[in-house]
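One structure is given below, encoded as structure tokens.
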Protein chains: 4
Amino acid sequence: MDRTTAKNAGLSTHRLEALADGIFAIAMTLLVLELRLPDAGGPGDLASRIAALWPRFATFFISFIVLGVYWFAHHQTFYFLARVNRTLVWLSILFFLGAALIPFVASLLGSYPQDPVALSLYGAVLGLLAIVGYVIWWYITGDRGLIDEELDPELVRRVSRWIAAGPVIMPVAIALAFVAPVLSLLIYLALPAVFVLFNPVDSYLERLRQTAR
Amino acid sequence: MDRTTAKNAGLSTHRLEALADGIFAIAMTLLVLELRLPDAGGPGDLASRIAALWPRFATFFISFIVLGVYWFAHHQTFYFLARVNRTLVWLSILFFLGAALIPFVASLLGSYPQDPVALSLYGAVLGLLAIVGYVIWWYITGDRGLIDEELDPELVRRVSRWIAAGPVIMPVAIALAFVAPVLSLLIYLALPAVFVLFNPVDSYLERLRQTAR
Amino acid sequence: MDRTTAKNAGLSTHRLEALADGIFAIAMTLLVLELRLPDAGGPGDLASRIAALWPRFATFFISFIVLGVYWFAHHQTFYFLARVNRTLVWLSILFFLGAALIPFVASLLGSYPQDPVALSLYGAVLGLLAIVGYVIWWYITGDRGLIDEELDPELVRRVSRWIAAGPVIMPVAIALAFVAPVLSLLIYLALPAVFVLFNPVDSYLERLRQTAR
Amino acid sequence: MDRTTAKNAGLSTHRLEALADGIFAIAMTLLVLELRLPDAGGPGDLASRIAALWPRFATFFISFIVLGVYWFAHHQTFYFLARVNRTLVWLSILFFLGAALIPFVASLLGSYPQDPVALSLYGAVLGLLAIVGYVIWWYITGDRGLIDEELDPELVRRVSRWIAAGPVIMPVAIALAFVAPVLSLLIYLALPAVFVLFNPVDSYLERLRQTAR
């Protein structure tokens, strides 16, 4: 696509993708700053002091995977985009705000793994990402000339149903944080797994590739 | 554009764009490091301790949006650039210096939300960004062969008037910090909103795209 | 490769490369946060206080080089990739998780350079990177249409043997951490050197280039 | 340049450029973490407490500009590169190590602006960057097929002389740190200015562009 065509088609997607890649890379790497030993005790009991950090390790691992899930979802969504406009830039910045909040709620959850407030705030940020993600998909697949025209409408519907899981389930998980924290935590763990395993985009691309051979 | 043409045309824009995307992504994500609970009290009063952080949450949110506004302004400006030269690189590095200072003034404002000094320093950094942004637009739209020759002169004028708002209003907001802090804060909030809502570039690109169809 | 072809061929590699470059750049730069003077004493004994940080300087240097080695291995591996799929994205995110953990284990080793627990945890993260790196190479060179079809099968075998060194040697180094810490540390130092010096990809590319002339 | 040609020509430059942009962006932004108020006193004396940070502001500003200078030098150097090889990757990683150390020596200098040890360590890192930068330029302009063949040999010589200033002057500045700290600091300030103002690459590109018209 040469410069003139690109201009007529509006802003290209690559700068917003670069900002996304930067923000997710930083948020994922900043999580490691939570893995710190308390400044006390001698080197003798190092193993047990590290072992005592286990809620932080668990939160690090879950948060890293969650950010990976949303980065990949962003990658796949933008794959079908032909251009961006102002509304999409601002929806994306709101999405990035959610991603940038993950290290904060991960820090809370790592310090207070049993506390319903920490659990529900973690869920609230996951819910923000899920809702904004859903709105972005709804916005770009509308009749606005943003998306690749050859995109299969059936895929659009299947992805809509797939990513609706987040906005539907997260309020339940947040509510459960106050009555059954363990159940709430299990949902936070299960949701990324559902995203990873039942991804309709990957099989769609695979079929396209087989057909093209 | 092949390599030889690019060389004759001078340094391409993509490395400076990559540095910009990196610096804005990092500054936006580092803001989250300000959202830290003071190390005191048990897990019982977690909700109220988090609620007490509200000035930091507000500053995080405003600063994230401000950085988003300036990143988007940079993105749209560079869209029309054909090449960069030394002066533009150094103006941009000064612009990035302003962006990199946002986490510092946000930290001050989050800790001392009522203090006129914190408020006016925050405004000073916003003012620096606004002034350098204005100088960059004035510099690249001058007769230096940096910008796309087909760019509509009317758009250049409209953008100049639009981004002149910052350098004009910020000194007022800084002065108000000492007599009417709330008014000053409202201006900091209003300025990004003005940038977001009355953006002449987006409608220009939209018109171009409609015409090209 | 135009957009339609790219789509038929599956997701392109550039976003995953951008995430990799971001995560390695951040992990490498965050290492510097470990180089901090303890808050005590006057400026008089600054030289000796800095000198007392030598285990942290050594760990900084080793960790920076180790991350450089794995970044370069990732760069060379992805050079031969034509596209990515879901499995490869998740293997890569696991690889990035290992890279993001380096600042944590480097911090431990810098604080407790003599402690077998710190040494073995450092080795465990190096081992994770080595094993995931090996699995990635095995996965992409399998019959999955991910890799450039012209790639020399002999190079594939030589690289497999070369990168098998890590998964084989690291368990030995981890075990040695408990009986001969110095030997263990020497292996951590030697492994990157082996990777740097006996790199079959570089000589392969050099031969290709000579032939093409 | 299509994929096959690129492969025959060796590894392309863009991944190393992306790592460079990431590391410089992060090092430049991490500098802001040094701008922290000591945790003491009420909000009343905020202005004087901020003013007391002036050595840190000065160091922030100098370090930001120094990193900008070296980033731009890297950008201009890589502009003429056709491909990278293993040696160049490792020279670059050593260069990045110097850049990543800037926030550490800036922190030292900001805390102990009068101390010859802090001053000389700052100079040592500047010297490392200057020397590795010189070696990189010497290496890529040698007869190794790395650089654009049309590059003017006269420019190569002029750049060599220009960037030799660093390795020659820095040992003097480091020695002066112990006898005349102010003079030493002035050299640290002057060197970036020399780099910025007497840059032969920019005028060379400008001439090329004028000729091509």
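The values are calculated or read from the model by the stated rules, or taken from the named source; none is laboratory data. Since we're looking at a predicted model, the values are computed, not measured. As a convention, Cβ positions derive from the backbone with ideal geometry for all residues, glycine included, and neighbour counts pool all protein chains shown.
Quick rundown of the values:
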read-out	value
Cβ-Cβ under 6 Å pairs, at least 6 apart or on other chains, the range D:57-78 side closer than 30 Å to D:Gly145 by Cα and at the interface with chain B (Cβ under 8 Å from one of its Cβ atoms), far side of a type in the set (Val, Ile, Thr) and assigned to a helix (DSSP H, G or I)	D:Gly68/B:Ile93; D:Phe72/B:Val89; D:Gln76/D:Val201
Qualifying residues in the range D:46-56 (those that are more than 9 Å from chain B (Cβ to nearest Cβ) and small (Gly, Ala, Ser)) - the one farthest from B:Ile93 (Cα to Cα)	D:Ser48
Hey, C:Leu191 closer than 23 Å to C:Phe96 by Cβ, touching a strand residue (DSSP E or B) at 6+ places or on another chain (Cβ under 8 Å) and either without any contact (Cβ under 8 Å) to a residue 40 or more places away in the chain or buried (at least 17 other Cβ atoms within 10 Å of the Cβ) (or both) or not	no
Members of the range A:175-213 that are more than 21 Å from C:Leu94 (Cβ to Cβ), among the β-branched types (Val, Ile, Thr) and under 22 Å from the mean Cα position of the chain (by Cα)	A:Val182, A:Ile187
Breaking point among (1) more than 15 Å from the chain's Cα centre (by Cα); (2) more than 15 Å from B:Glu34 (Cα to Cα), for B:Leu91	(1)
Verdict on A:Gly42 being more than 16 Å from A:Val84 (Cα to Cα), facing chain C (nearest Cβ under 9 Å) and either at pLDDT below 80 or touching an Asp or Glu at 6+ places or on another chain (Cβ under 7 Å) (or both)	no
Condition broken by C:Leu109, with the remaining ones in (1) of a type in the set (A, V, I, L, M); (2) more than 9 Å from every other protein chain (Cβ to nearest Cβ); (3) in contact (Cβ under 8 Å) with a residue 60 or more places away in the chain satisfied	(3)
Failed item in (1) closer than 29 Å to B:Arg209 by Cβ; (2) assigned to a helix (DSSP H, G or I); (3) within 14 Å of chain C (Cβ to nearest Cβ), with A:Glu149 passing the rest	(2)
Scan of the range B:176-213 for residues that are of a type in the set (Gly, Ala, Ser) and either in contact with a His (Cβ under 6 Å, 6 or more places away or on another chain) or under 19 Å from A:Leu11 (Cβ atoms) (or both), ordered by number	B:Ser203, B:Ala212
Number of positions in the range D:148-176 that are in contact with a Ser or Thr (Cβ under 6 Å, 6 or more places away or on another chain) and surrounded by fewer than 19 Cβ atoms within 10 Å (Cβ to Cβ)	1
Pick from the range B:1-37, criterion more than 10 Å from chain D (Cβ to nearest Cβ) and modelled with pLDDT under 90, ranking: nearest to B:Trp90 (Cα to Cα)	B:Thr13
Flag if D:Ala100 is part of a helix (DSSP H, G or I), more than 8 Å from every other protein chain (Cβ to nearest Cβ) and among the hydrophobic types (A, V, I, L, M, F, W, C)	no
Yes/no for A:Val125 being part of a helix (DSSP H, G or I) and either within 14 Å of chain B (Cβ to nearest Cβ) or touching a His at 6+ places or on another chain (Cβ under 7 Å) (or both)	yes
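Results for (1) touching a helix residue (DSSP H, G or I) at 6+ places or on another chain (Cβ under 8 Å); (2) within 14 Å of another protein chain (Cβ to nearest Cβ), shown as yes or no for each residue.
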{"position": "D:Gly166", "(1), (2)": "yes, no"}
{"position": "D:Ala177", "(1), (2)": "yes, yes"}
{"position": "D:Val182", "(1), (2)": "no, no"}
{"position": "D:Leu191", "(1), (2)": "yes, no"}
{"position": "D:Val196", "(1), (2)": "yes, yes"}
{"position": "D:Tyr204", "(1), (2)": "yes, yes"}
{"position": "D:Arg209", "(1), (2)": "yes, yes"}
